[in-house]
Amino acid sequence: MNARLLVAFLCIAMGGTGCIIVDNDGPDHGGPCCTPTPPPPPPVQVSGDLTFLWTFANVGAGRCSDVPDVKNIRITIPGEKLHNGGVYACNTLGTDGIVLHDFAPKSYGYTLEALSYDNRVLYQASGNFAVNGDTRVNVNLTPKGGQSSFAYISWSFEANTSSSNPDCNQAGATHVDVRIDGGEWTRLQCEKGIGTNQVSSPYLAPGAHTIELVGVRVSGSGETPYYYRKEPLTTQAGSPIFASFKLMAVGGMTLSWDLRDGSLARTCAQAGVSELRVNMRNLATNKLVYGEDGDAQPCTDPHNYLNYRFLPPGDYRVFIRGVNGSRIAYSSENHDEPVLTVKAFVQKTEAQATILELQRKY
């Protein structure tokens, strides 16, 4: 017997009077007993004032006072008519920015241009924002006509026996050398980019780049690379990115080599070798450090030492090929290939060089 039949039976048992049956179980109702809860109203979108605050990339503190050639900032917001044609002083009452009033709640695009005293555009930036109440937009302007992106860079060091998050002193690094896309190295004091500190990169074209960082110990006896990192770096137009890198402990090795035809030593010219291809296999990972082709080095006389730095600590099996055009003319493979151990913070010196004899292959 279902619930409705039971209720009907009870009504009959009560004499059929004073009994009301309400059926809420039909297809047009929200359930057997309840009215559906209406959906919440959409959030209210409200208009508001718009505050632009601007800085200048890679110029001192980035303030208007750091760019004396800039007189005004011109703001363009498509579809909006701004007071004074959108031209405002770089600094107003001590603030590098301006407040614009009564913007409807929606999305907007903008362009800011820093104008010289003769109305030339010196810096610029573009972007988008949305208004829902009072809104603040921070804009970093970059030089017009030059590269329009850059990065704020910081670094840290892998854990060691001194600390799980060593500072420069605990890591033993006095400086960090940085270069981007294989360009010139820039040497910086280690403390400038560690922890919450950051250093600014040069201006870059927006897009993909490669950054290298070397933690160096400089002392009266010279300098030694202790840490290294090589990573991709992708920048964007009009605003900086923030990138932090953990530098890993490294060591190195120094190699020397001989060209031999049987027991006879040969010069590069006598052997017909114009180029060497150096490679090493990390025995822990079984991977080649320089891919299948190896690291190309010129064949020179007298035979010079080859220095390899920035290697993770571990054991490496080393071999060299002497190349004549596209042909491998000499090789140390399968001929007394040395296994060298790289230790953290230790760079092999010439006195510790290992001689590899390259025997004629063909």
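With everything on Cα atoms, drop me the angle between helix 3-13 and the longest principal axis of the chain, reported from 0 to 90° to the nearest 10. Helix 3-13 and the main axis of the chain meet at about 20 degrees. Annotation: residue 144 carries an accessible surface of approximately 110 Å², with a 1.4 Å probe and no ligand, DNA or RNA atoms counted. Across segment 292-302, rounded Karplus estimates of 3J(HN,Hα) from the backbone phi angles (6.51 cos²θ - 1.76 cosθ + 1.60, θ = phi - 60°) give 6, 7, x, 8, 7, 9, x, 8, 10, 10, x Hz, Gly and Pro being marked x. A simple count of charges around residue 114, restricted to other residues whose Cβ falls under 11 Å of its Cβ and scoring Lys, Arg +1 and Asp, Glu -1, yields +1.
With Cα atoms as the point set, the radius of gyration and Dmax of segment 108-242 evaluate to 18.9, 62 Å.
Largest accessible area first, the listed residues 175, 83 line up as 83, 175 when surface is computed with a 1.4 Å probe on the assembled protein chains. Less than 5 angstrom separates the built amide H of residue 234 from those of 209, all sequence-distant by 5 or more or on a different chain. Per-residue ellipticity at 222 nm, computed for the chain from helices alone with -39500 (n - 2.57) per DSSP H run of at least four residues, works out to -1000 deg cm²/dmol. At q = 0.10, 0.11, 0.24 Å⁻¹ the log10 of I(q)/I(0) for segment 252-360 amounts to -0.26, -0.32, -1.41, computed by Debye summation with a single uniform scatterer per C-alpha, solvent ignored. Taking the Cα atoms of segment 48-143, the ratio Rg/Rh between the radius of gyration and the Kirkwood radius comes to 0.95. Derived scalar couplings between HN and Hα for segment 328-343 equal 7, 8, 9, 7, 9, 5, 6, 9, 6, 5, x, 10, 10, 9, 9, 10 Hz in order, rounded to whole Hz, by the Karplus curve 6.51 cos²θ - 1.76 cosθ + 1.60 (θ = phi - 60°), x for Gly and Pro. Computed 3J(HN,Hα) for segment 304-317, one whole-Hz value per residue from the Karplus formula 6.51 cos²θ - 1.76 cosθ + 1.60 where θ = phi - 60°, is 8, 6, 10, 9, 10, 10, 6, 9, x, x, x, 9, 10, 8, glycine and proline marked x. Could you tell me which of rounded, prolate or oblate describes the chain, using a ≥ b ≥ c as the square roots of the eigenvalues of the alpha-carbon gyration tensor, with rounded for a/c under 1.5 and, failing that, prolate when a/b is larger than b/c and oblate otherwise? Here the chain falls in the oblate category.
The values are calculated or read from the model by the stated rules, or taken from the named source; none is laboratory data. All values derive from a computational prediction rather than experimental measurement. Methodologically, a virtual Cβ is constructed for each residue, glycine included, from the backbone with ideal geometry; neighbour enumeration extends over all protein chains shown. For accessibility, only protein heavy atoms count, side chains too; no ligands or nucleic acids. Shrake-Rupley method; radii C 1.70, N 1.55, O 1.52, S 1.80 Å.
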